[in-house]
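Asker: Structure provided below as structure tokens; questions to follow.
The values are calculated or read from the model by the stated rules, or taken from the named source; none is laboratory data. No experiment lies behind these values; they were computed from the predicted model shown. Quick reminder, even Gly has a Cβ in these numbers, built from the backbone with ideal geometry, and neighbours come from all protein chains shown. Heavy atoms of the whole protein, side chains included, go into the accessibility calculation; ligands, DNA and RNA do not. Shrake-Rupley method; radii C 1.70, N 1.55, O 1.52, S 1.80 Å.
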Amino acid sequence: MSDVSANPTQNVLVSIIIPCYNESKFIDSCLRSVYDFEPIAGAFEVLVIDGMSKDGTRDVLARWCAEHPNLRMLDNPAKIVPNAMNIGIRAAQGAWIVRLDAHSEYPANYLRLCIETSQRTGADNVGGVFITVPRGTGREAQLVRALTTHKFGVGDADFRLDSSEGPADTVPYGCYQRAVFDRIGWYDERLVRDQDYELNRRLSKAGGQIWLNPAIQIKYYNQGTLRGLLRQAYFTAQWNAWMWYLAPYTFSPRHAIPGAFVAGLIIGALSSLLIPILWIPFLLVVALYALLAIGSGVQQSRRYGLWMLPILPFLFLAYHLAYGAGTLWGGVLLAVRQAPVQHQSEPWPGAGYYRVTPSPPR
């Protein structure tokens, strides 16, 4: 943990980096919330790293750039987030790097609270919590919110749930002290997903501190359809397995439990066919899961609408099956050496060294 910001009253320059690709529906409201930020003791620049969008996003950005001299649009031909972040970090001038997401909106106090929390705690990275809002008014969007705002659905991801202030294993997006990237390296460009989580776990491994302040809130637009949520879960879970392969220190039980659950269902069902007495413990486990799903469904339906109750337990099951199946398939691809991360070199010179020691190579 460094203390680049020991004096909370000093003027600072903050670099806000926003990866972006085909975000014409969201980028305008995102930037509007950024330029409504409360003043800080200093100034900020905004770097939008665009993946060569083709949906009109670049036209929107050009208009914003013309109106705001501290806003720049940089190109990201690779189109993925870790590349965008590395482009932005290299171009950034600030003592803090604030990573934002184009799919989200931020309250007026967001930037001020990030910097104040960083200065108060000395943490290397600080962040807040998601306030999950439905993407649209349809019932599917309401169900997606219910599934992703309960511990039974997303595990112990504090930034998605009610939480208290203190150290955390990760935070959404993040406000980093600039020196962090000199100390532990860049974003891993092999990780299409999970790049923020890997970076935060690498930071913790190197002795850095990550701090969650629930007063820092992000209005996050989740998937608008159940199909979109299940596809996202399956895809993300594959990348979890590939992230563990690249960086074993990122392993977390909450990410592995769905895979173990699906594997247990398959093994339990097959074993019970061969040894009938095993049907008893297998059905007891299934019954326990059903009780947890029903109980969680009751809690969420009381919170968001009783009409959800008949379907929520089945949707929890579908969500966990999709995530677990993705984890297992990711493992299969690793076993047969067909995972994309197995055919790419280290993302920057010395990257492997940063993974095993907190000190840079000399």
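Asker: Of all the Cα-Cα pairs you can form in region 250-321, what percent are over 15 Å apart?
Answerer: Across region 250-321, Cα pairs with separations above 15 Å total 63 percent.
Asker: Rounded to the nearest 500, what is the chain's calculated 222 nm mean residue ellipticity when only DSSP H runs of at least 4 contribute -39500 (n - 2.57) each, over all residues?
Answerer: Numbers: 13 runs with 171 residues, N = 362.
The helix-only estimate for the chain comes to -15000 deg cm²/dmol at 222 nm.
Asker: Can you tell me how much longer the chain between Ala179 and Ala78 gets when fully stretched, taken as 0.36 nm per residue apart minus their C-alpha distance, in nm with one decimal?
Answerer: Extending this stretch completely gives an extra 33.8 nm.
Asker: Quick one: compute the contact order of region 93-191, relative version, from alpha carbon pairs under 8 angstrom and 6+ residues apart, as a percent. Let's see the in-between values first.
Answerer: Details: 84 pairs, mean separation 41.8, N = 99.
Rounded, it is 42 percent for region 93-191.
Asker: For region 257-343, which whole percent of the accessible surface, found with a 1.4 angstrom probe, sits on carbon and sulfur atoms?
Answerer: Summing carbon and sulfur atoms, their accessible area is 80 percent of the total for region 257-343.
Asker: What do you get for Rg/Rh over region 1-150 if you use C-alpha atoms and the Kirkwood form of Rh?
Answerer: Value, to two decimals: 0.99.
Asker: Full-extension gain between His68 and Leu309, please, as 0.36 nm times their residue separation minus the C-alpha to C-alpha distance.
Answerer: Taking His68 through Leu309 to full extension adds about 82.0 nm, to one decimal.
Asker: Working out 0.36 nm times the residue gap between Ala108 and Ile277, then minus their Cα-Cα distance, what length gain in nm do you get to one decimal?
Answerer: 54.7 nm
Asker: Let me ask another. Jot down the radius of gyration and Dmax of region 199-264, Cα atoms only, both in angstrom.
Answerer: Radius of gyration, then largest Cα-Cα span, for region 199-264: 14.9, 40 Å.
Asker: Here is a further query. If you project the alpha carbons of region 111-155 onto the principal axes, what extent comes out on each, in Å, largest first?
Answerer: Reported extents, whole Å, longest axis first: 42, 23, 10.
Asker: Taking C-beta distances below 4.7 angstrom as the pairing criterion, name the unpartnered cysteines of the chain, in sequence order.
Answerer: Cysteines of the chain left without a disulfide-compatible partner: Cys20, Cys30, Cys65.
Asker: Treat each spin label as a single point 7 Å out from the Cα along the C-beta direction, and report the Val286 to Ala318 distance in nm.
Answerer: If labels sit at Val286 and Ala318, their model points lie 2.0 nm apart.
Asker: Using a 1.4 angstrom probe on the protein heavy atoms only, could you order Leu199, Leu309 from most to least accessible area?
Answerer: In descending accessible area the options line up as Leu309, Leu199.
Asker: Shifting gears a bit: Could you provide, to the nearest whole Å², the per residue accessible area of the chain with probe 1.4 Å?
Answerer: 45 Å²
Asker: If I ignore ligands, DNA and RNA and count only protein heavy atoms, how much of Trp244 is accessible to a 1.4 Å probe, in Å² to the nearest 10?
Answerer: Accessible surface of Trp244 is approximately 50 Å².
Asker: Same structure, new question: Note down the nm distance, to one decimal, between modelled labels 7 Å out along Cα→Cβ at Ser29 and at Gln299.
Answerer: It works out to 2.8 nm between the two label points.
Asker: Next up: Can you give me the P(r) profile for the chain? Cα pairs, bins 20 angstrom wide beginning at 0, each as a whole percent.
Answerer: 27, 57, 15, 1
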